[in-house]
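Novice: There's a structure below that I have some questions on.
The values are calculated or read from the model by the stated rules, or taken from the named source; none is laboratory data. This one's a predicted model, so the numbers in the text were calculated from it and none came from an experiment. Cβ placement follows ideal geometry from the backbone for every residue including glycine, while neighbour counts extend to all protein chains displayed. Ligands, DNA and RNA are excluded from the accessible area calculation, which covers all protein heavy atoms including side chains. Shrake-Rupley method; radii C 1.70, N 1.55, O 1.52, S 1.80 Å.
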Amino acid sequence: MGKSTLFNRLIGQFRAIVTDIPGTTTDILRHETHLAGIGQVQFLDSPGLMDFHDERPFIQYIVDHSDVILFVIDDSIGFGPKEQEIFSHIMRTGKKENVILIVNKLDINWKEKEYATAVADYYAQGFDVVIGVSALKELAIGDIKDALQHKIDHSPTLQKKVTPEEKKESRISFAIVGKPNAGKSTLLNTFVGEYISKVEDKSGTTRDYITTDFIYEEQQYTIFDTAGIKRPGHMRGIEKIAYTKTKEMLKYTRPTVLFMIDATEGITHRDMTLIKEVYNLALPTVVCLNKMDLLDKKQKDHMMKQTQAKLDFATYIPIVPLVATSGDGIPNIMKMVKAVTAEARRRIDTGELNRAIAKDMITRPPRFPKNKICKILYVTQVDINAPTFVVFVNYVARANFAFKRWIDNTIRNYYGFV
Ligand code: GDP
């Protein structure tokens, strides 16, 4: 039915920390995540067994224990006997109000602009929130989050469960990324040994990475670590798999990236390939030059300059020196990690944003070819991490690369977004 694809997309969409909660007695998949504006949320997913008879108790458990039920049905199948039975159970337990009906696979029979019409029939079944999506094509997934928010905002019992403190997205998740031998495990060990007051190791059961929670200077952090890139001895054989896993992890959890470069080797082609991947995902990033203890003063300066030059496509990324073995530089790095994460989560007020852009359109306007001027009608920030802006213009075809750069630079000039 595409439920697990949807589940993964949802977690990706929420761009939050995903941790597996071990020690559960059933085979129900649980993912705990923090949703901005909502707080700590636990997703329960049934194991997806072939035989409905076997799966029934899991589904019933989930219905009985959830505050909101995302009831996923396959549009190409519709409301079959299995769906009817689940629905009856929902009605029996008096949880109809808590249901968001998600009609998946709409891409098979409908065009995206027809989705709203396509789901109209399902309202007739007695659901008050129905959302048509295509998990495969990642269409309309954002609507689910909005619907979830709506359900919570309109339910007094759920409101009580969300404390203002929880609403703040306070925990910082970060990943140490870099080529083998850059010193990633060394840094992690130094960290765990000297700086971390509380470490909680959770081994992933359904995912291929482990997370470590800790508190540093009153800030909660979670380090994401893909198994594999940690073990230098086993590197060669699994390197490729580890690389793919790392990319998946970065994409779905959107941590702040601590990108590690071995300063004794300089910034290599391999480093550049990796860092461009991170850059393309628009993740908050701090670059650290490790093994600085092996360089003399002149070499250090040279290395700093060379790295700056190579990262000229993203001059806002902070570059910090590090000695992972001794921990020299860690406090500075943590300061940077905290700062870039805060930047990635900033929201700019729409009115203020439009005033700033309008001002610069006059004082330092972007250049266009003759008779090809593109005017900005309206700008609004639609998302955080990555901060995403939608710009409405009079002629989309005239919005050339230079113009997009101009918008990017103007927003950065005013608001940073390192
Ligand atoms: P990983 O593959 O990125 O996890 O790299 P490791 O943490 O295994 O480190 C590779 C090698 O570099 C090990 O022999 C470390 O002792 C060494 N190393 C890591 N960081 C430093 C550092 O800051 N200074 C020096 N001198 N050696 C380091």
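Novice: Within region 366-389, is even one residue outside the structural domain of Gly178 (by TED's automatic domain parsing), in contact with a helix residue (DSSP H, G or I) (Cβ under 6 Å, 6 or more places away or on another chain), open to solvent by 80 Å² or more (accessible area, probe 1.4 Å) and not aromatic (Phe, Trp, Tyr)?
Specialist: yes
Novice: Okay, moving on. Would you confirm, using the coordinates I've provided, whether Ile100 is of a type in the set (A, V, I, L, M) and open to solvent by 50 Å² or more (accessible area, probe 1.4 Å)?
Specialist: Against the criterion (of a type in the set (A, V, I, L, M) and open to solvent by 50 Å² or more (accessible area, probe 1.4 Å)), Ile100 does not qualify.
Novice: What's the total number of residues in region 250-272 that are among the β-branched types (Val, Ile, Thr), more than 16 Å from the ligand (Cβ to nearest atom) and without any contact (Cβ under 8 Å) to a residue 60 or more places away in the chain?
Specialist: 0
Novice: Here is a list of conditions, (1) among the aromatic types (Phe, Trp, Tyr); (2) surrounded by 11 or more Cβ atoms within 10 Å (Cβ to Cβ); (3) outside any strand (DSSP E or B), and Phe392 meets all of them except one; can you say which number that is?
Specialist: Only one criterion in (1) among the aromatic types (Phe, Trp, Tyr); (2) surrounded by 11 or more Cβ atoms within 10 Å (Cβ to Cβ); (3) outside any strand (DSSP E or B) is unmet by Phe392, namely (3).
Novice: Can you pull out every residue in region 291-348 that is open to solvent by 60 Å² or more (accessible area, probe 1.4 Å), more than 16 Å from the ligand (Cβ to nearest atom) and of a type in the set (Ser, Thr, Tyr)?
Specialist: Thr315, Tyr316
Novice: Given the structure, is Val337 assigned by TED's automatic domain parsing to the domain that holds Ser185 and touching a Leu at 6+ places or on another chain (Cβ under 8 Å)?
Specialist: For Val337, the condition - assigned by TED's automatic domain parsing to the domain that holds Ser185 and touching a Leu at 6+ places or on another chain (Cβ under 8 Å) - is met.
Novice: I've got another one for you. Within region 222-249, restricting attention to residues that are open to solvent by 10 Å² or more (accessible area, probe 1.4 Å) and away from the ligand (no atom under 14 Å from the Cβ), which residue is modelled with the highest pLDDT?
Specialist: Lys247
Novice: Please verify whether region 201-221 includes one or more residues that are within 16 Å of the ligand (Cβ to nearest atom), at pLDDT 80 or above and at negative phi.
Specialist: no
Novice: If Phe401 satisfies all but one of (1) surrounded by fewer than 14 Cβ atoms within 10 Å (Cβ to Cβ); (2) touching a Lys or Arg at 6+ places or on another chain (Cβ under 6 Å); (3) not aliphatic (A, V, I, L, M), what's the number of the condition it fails?
Specialist: Every condition holds for Phe401 apart from (2).
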